[in-house]
1. Roughly how many Å is it from the Cα centre of the range 25-40 to that of the range 165-182, as a whole number?
2. Quick one: net charge of Asp78's neighbours, Cβ under 14 Å, K/R +1, D/E -1?
3. Run the paramagnetic zone check for Arg139: 7 angstrom along Cα to Cβ, then residues of the range 171-191 with backbone nitrogen under 20 Å.
4. Let me have the 222 nm mean residue ellipticity of the chain computed from DSSP H runs of 4+ only, each contributing -39500 (n - 2.57), with the sum over all residues rounded to the nearest 500.
5. Please work out, to two decimal places, the log10 of the ratio I(q)/I(0) at q = 0.08, 0.11, 0.15 Å⁻¹ from a Debye calculation in which every Cα of the chain carries one identical scatterer.
6. Using a probe of 1.4 angstrom, how much of the accessible area of the chain is carbon and sulfur, in percent?
7. If I take every Cα pair under 8 Å that is 6 or more residues apart in the chain, average their sequence separation and divide by the length, what percent do I get for the relative contact order?
8. Give the accessible surface of the chain per residue, rounded to a whole number of Å², with probe radius 1.4 Å and ligands, DNA and RNA excluded.
Amino acid sequence: MTDFEYPQPPSIADWNRLLDGRVAVITGGGTGIGGAISRLFAEHGAHVEVIDIDEAVAVEAVADIERAGGSARAHVADVTDWSRLQAAASVVLDAHPHVHVLVNNVGDFRPLVRFRDSGPSDWQRMIELNFLHVVGATRLFVESMIANGSGSIVNVHSVEGLRGYPGEPVYGAMKAATAKFATDMAVHLGRHGVRVNGIGP
């Protein structure tokens, strides 16, 4: 019988650089949850591509990352506008043929219109803001992951997509769709070495 040696866990220094050499795209990466993700990923060694509709917060996030010794770049785009999302993705992919991580973070329940007062324009906005851009961004970046046999996609949905939510049921339905999309894409892409997860704050 041979002696078994347990592998040594990573050192603190290793944990602090888990994303060295990786490229991460964060939608809505300038502020809020997305801003925190951008800064944390950079702290762990990733080069971060920040996509945000607000130029000021995108630039501020990049400045914060660079001051801390990290690497990042800002892209100003409304992710619900397919042509602008495509343009931002093209710039990223021209510089980085392998995107390692995509965080689909954008989402909002505002403007909050009670369902009985809502109409088609309200529903369309909820669909675009909380679901369609997730499908679009995934479609644009997933090929680079498949081609390289690895990658990670994280869909930020909401607890409101997992329980009854009376405040804005269309928002809740779109968050549920985003969670289901993560599950289906995980099954679809696992064979290519691409991991897909959903998180519901």
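1. After rounding, the separation between the Cα centres reads 21 Å.
2. Details: positive: Arg84, Arg125; negative: Asp52, Asp54, Glu55, Asp81, Asp108, Glu128.
Net of charged neighbours comes to -4.
3. 174-190
4. On the way: 7 runs with 89 residues, N = 201.
After summing the helix terms and dividing by residue count, I get -14000 deg cm²/dmol.
5. Log10 of I(q)/I(0), two decimals: -0.29, -0.53, -0.92.
6. Numbers: 6130 of 10740 Å².
Whole-percent figure for carbon plus sulfur exposure: 57.
7. Numbers: 367 pairs, mean separation 33.6, N = 201.
17 percent.
8. Values: 10740 Å² over 201 residues.
Here the residues of the chain average 53 Å² of exposed surface.
The values are calculated or read from the model by the stated rules, or taken from the named source; none is laboratory data. These numbers were taken from a predicted model, which means no experiment stands behind them. We place every Cβ from the backbone using ideal geometry, glycine too, and count neighbours over all the protein chains shown. Quick note on the areas: whole protein, heavy atoms, side chains included, nothing else; ligands and nucleic acids left out. Shrake-Rupley method; radii C 1.70, N 1.55, O 1.52, S 1.80 Å.
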